[in-house]
Amino acid sequence: MLGKLPRWTIAALLFPFVIALAFFGDFADARAAAPLPQNAAAAAAPVLQNDVFWKDTSGNPIYSQGGGVLKVGNTYYWYGVKYNGAVSYYNNPAGGKNSNTSFNAITCYSSTDLVHWKFEGNAMTSSDIGGSSWVGRVGVAHNPNTGKYVLVSQLNSGLVFGTSSTPAGHFSRAGTQSSIGNVSTGMSGDQSVFTDDDGRAYLIFSNKSGRSNLYVAPLRSSDYLHVDNATRIYSSSAGGREGNIMFKHAGTYYFCSSDLHGWNASHTYCIKSSKISSGYSSEFVLQGTDADFSHVTQTGLAFEVSGSSGSFVMFGGDRWSDFAGNGIGYNQWVPVTFDGTTPVFHSLNQWNVDAAAGTWSVGSGNNHVLNPSVEADRVSQKELAGWTNSSNVSSDPNSNHLGGHTGRWAIAQSYASAYKAAMYQTITVPNGTYTLSAWVKSSGGQKAADIFAKNFGAGEMDRAVNQPIGTWTKVGISGITVTKGSIQVGVASDANPGNWVNVDDFELVQTGQ
């Protein structure tokens, strides 16, 4: 392993504390199969926690969806939309999806460390925007000719532009646009704003109504208050694409999107090119987004984090919990690194980010289970993303089940006749001591029903759940010592006719070296 590390890390062998950090970072991301020298981030770096509702520096919920991030100096400005349905969901997560996409405001937050966000105020409100049935997919760019910061957003079936003298200032409405030249249906579907290294800004989008065509269109250079004629860079034969974003790394442009199936989680699909408006590759699935559908999100935003010691791309996934019920939290941010020109998505529940250094590391409290709440699949089915099932009957008793501990879904094992079933996943982890936990309901009466951990270098460890458990109850197994760099965890039943067990919110956390 040490032979693969960059020179500056090898030099750090003189410092045992840094050795430990590099060693942990390398193995913690082995599942991604990509070299990650930037994982030697300092342990004191701020902790980014996913799968929760984020709050600003005043302790209030952060409401920012379908937006983008602009860096000005050493400060990042994050713009997005506050929907009234998001407020309802925050106040009552157990109420599930509410489908309320009514517009409240375009918000602005600022941060220097990408973890602690200050609410700067509402960039635009309903009175600024005008009458609206839909506002969303917001981006901001700085125009070097006017010196203005320009906000671009969808407004009903067109676009609206706003300007401000400062990135955190209030934006005044500065114009609208009803169509974009060279677009098959005249207007954008999902969109984002991308600013290139030379300062030029572009709208990145798929066409409205169908969304099978992907486009890049420059903002008018004089003032950015108009989207110029678009160039179609790709036509998808596999269905429409939405949640369109762009990032750039080492001279390569990556245009990424999600499946066209509403507000739900998706694989992330990408094309790449050395030129922004031509020469794109065939479509590929972003490595690391398959097992849990991009950490149960839809593509939302992306930007490069570059510092004194490295760089990576920040992927901001939107979890439209209030509209689709994809699990707790609206915003899930993870690092994207590169194996040559191949981008690699790291699905992390908790990680440390050092924005000034451009480095990151896996958090000590990271949950290593992928799709732990089985929210990724969005529909009832037998084969669950990230999980493997086995049974002794032709019609598999393994499935997902509406009515989870959190979110909508839970793992379910049940059958009308006697059955054996298991739902499990094998996870690559650093050697060390772990605790496995899950939330369970059970009919009881099974010959055996267990939460289990095995194939980690010692004998199998189980927690029996074959007794009646009528309400969601957390059970766990502690002191699991992994010595072979991987572990299999899951739930298994040897059951009588009609016996059932439901399991949700698996968690595997390292507790010691």
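The values are calculated or read from the model by the stated rules, or taken from the named source; none is laboratory data. Worth saying up front: this structure is predicted, and the values here are computed from it rather than measured. When we count neighbours, we look across all protein chains shown, and the Cβ atoms used for this are built from the backbone with ideal geometry, even at glycine.
Can you run down the residue pairs with Cβ atoms below 6 Å, 6 or more apart or on separate chains, where the first is in the stretch 217-233 and surrounded by 23 or more Cβ atoms within 10 Å (Cβ to Cβ) and in a loop (DSSP other than H, G, I, E, B) and the partner is modelled with pLDDT of 95 or more and not aromatic (Phe, Trp, Tyr)?
Going by the 6 Å Cβ cut-off, the qualifying pairs are TYR224/ALA141; TYR224/ASN143; TYR224/VAL150; TYR224/ALA201; ALA230/ILE180; ALA230/ASN182; ALA230/VAL183; ALA230/ALA217.
Identify, by number, the condition in (1) of a type in the set (S, T, N, Q); (2) under 28 Å from GLY325 (Cβ atoms); (3) in contact (Cβ under 8 Å) with a residue 40 or more places away in the chain; (4) not in a loop (DSSP other than H, G, I, E, B) that THR471 doesn't meet.
It is condition (3) that THR471 fails.
Name, by its number, the condition in (1) out of contact with any strand residue (DSSP E or B) (no Cβ under 7 Å at 6 or more places or on another chain); (2) closer than 16 Å to SER258 by Cα; (3) outside the structural domain of VAL87 (by TED's automatic domain parsing) that does not hold for ALA357.
Looking at each condition in turn, ALA357 falls short on (2).
Going through the stretch 55-87 one residue at a time, which ones are among the polar types (S, T, N, Q), surrounded by 14 or more Cβ atoms within 10 Å (Cβ to Cβ) and either modelled with pLDDT under 95 or not in a strand (DSSP E or B) (or both)?
Within the stretch 55-87, SER64, ASN84 meet the criteria.
Among the residues of the stretch 371-391, which ones are of a type in the set (A, V, I, L, M), surrounded by fewer than 23 Cβ atoms within 10 Å (Cβ to Cβ) and either touching a residue at least 24 places away in the same chain (Cβ under 8 Å) or in the same structural domain as ASP318 (by TED's automatic domain parsing) (or both)?
LEU384, ALA385
Can you say whether ALA376 is touching a helix residue (DSSP H, G or I) at 6+ places or on another chain (Cβ under 7 Å), within 30 Å of SER102 (Cβ to Cβ) and part of a loop (DSSP other than H, G, I, E, B), as far as the supplied structure shows?
Yes: the conditions hold for ALA376.
Mind checking which residues of the stretch 261-277 are over 18 Å from ALA385 (Cβ atoms) and out of contact with any strand residue (DSSP E or B) (no Cβ under 7 Å at 6 or more places or on another chain)? Write out each step before concluding.
If we filter the stretch 261-277 for residues that are over 18 Å from ALA385 (Cβ atoms), which is where we start, we get 270-277.
Matches in the stretch 261-277: LYS275 only.
So that you can scan it fast, the table gives a plain yes or no per residue for (1) within 29 Å of TYR109 (Cβ to Cβ); (2) among the aliphatic types (A, V, I, L, M); (3) out of contact with any helix residue (DSSP H, G or I) (no Cβ under 9 Å at 6 or more places or on another chain):
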{"position": "GLY175", "(1), (2), (3)": "yes, no, yes"}
{"position": "GLY186", "(1), (2), (3)": "no, no, yes"}
{"position": "THR195", "(1), (2), (3)": "yes, no, yes"}
{"position": "ARG200", "(1), (2), (3)": "yes, no, yes"}
{"position": "SER206", "(1), (2), (3)": "yes, no, yes"}
{"position": "VAL216", "(1), (2), (3)": "yes, yes, yes"}
{"position": "SER221", "(1), (2), (3)": "yes, no, yes"}
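On the basis of being more than 27 Å from the chain's Cα centre (by Cα) and not in a loop (DSSP other than H, G, I, E, B), does GLY457 make the cut?
So GLY457 fails the test.
Scan the stretch 447-463 and report the pairs whose first residue is within 14 Å of THR483 (Cβ to Cβ) and whose second residue is among the basic types (Lys, Arg), with Cβ atoms within less than 7 Å and a gap of 6+ or a chain change.
What qualifies is PHE456/LYS484; GLY457/LYS484.
Across the stretch 397-424, what is the total count of residues that are part of a loop (DSSP other than H, G, I, E, B) and crowded, with 18+ Cβ neighbours inside 10 Å?
Residues in the stretch 397-424 being part of a loop (DSSP other than H, G, I, E, B) and crowded, with 18+ Cβ neighbours inside 10 Å: 7 in total.
From the set of residues in the stretch 294-313 that are of a type in the set (Val, Ile, Thr) and not in a loop (DSSP other than H, G, I, E, B), which is farthest from TYR202 (Cα to Cα)?
Only one residue fits best here, namely VAL296.
Does the stretch 279-293 contain at least one residue that is touching a His at 6+ places or on another chain (Cβ under 7 Å), assigned to a strand (DSSP E or B), of a type in the set (A, V, I, L, M) and surrounded by fewer than 23 Cβ atoms within 10 Å (Cβ to Cβ)?
Yes, that holds for at least one residue.
Return only the number of the condition from (1) in a loop (DSSP other than H, G, I, E, B); (2) touching a helix residue (DSSP H, G or I) at 6+ places or on another chain (Cβ under 6 Å) that GLY329 does not satisfy.
Failed condition: (2).
Return the residues of the stretch 188-215 that are at positive phi and among the basic types (Lys, Arg); say none if nothing qualifies.
In the first step, residues of the stretch 188-215 are kept if they are at positive phi; the result is 199, 209-211.
If the condition is that a residue be at positive phi and among the basic types (Lys, Arg), then ARG211 is the only one that fits.
Testing LYS484 on (1) closer than 22 Å to ASN400 by Cα; (2) of a type in the set (Lys, Arg); (3) under 30 Å from the mean Cα position of the chain (by Cα), one condition comes back false. Which one is that?
All conditions are met except number (1).
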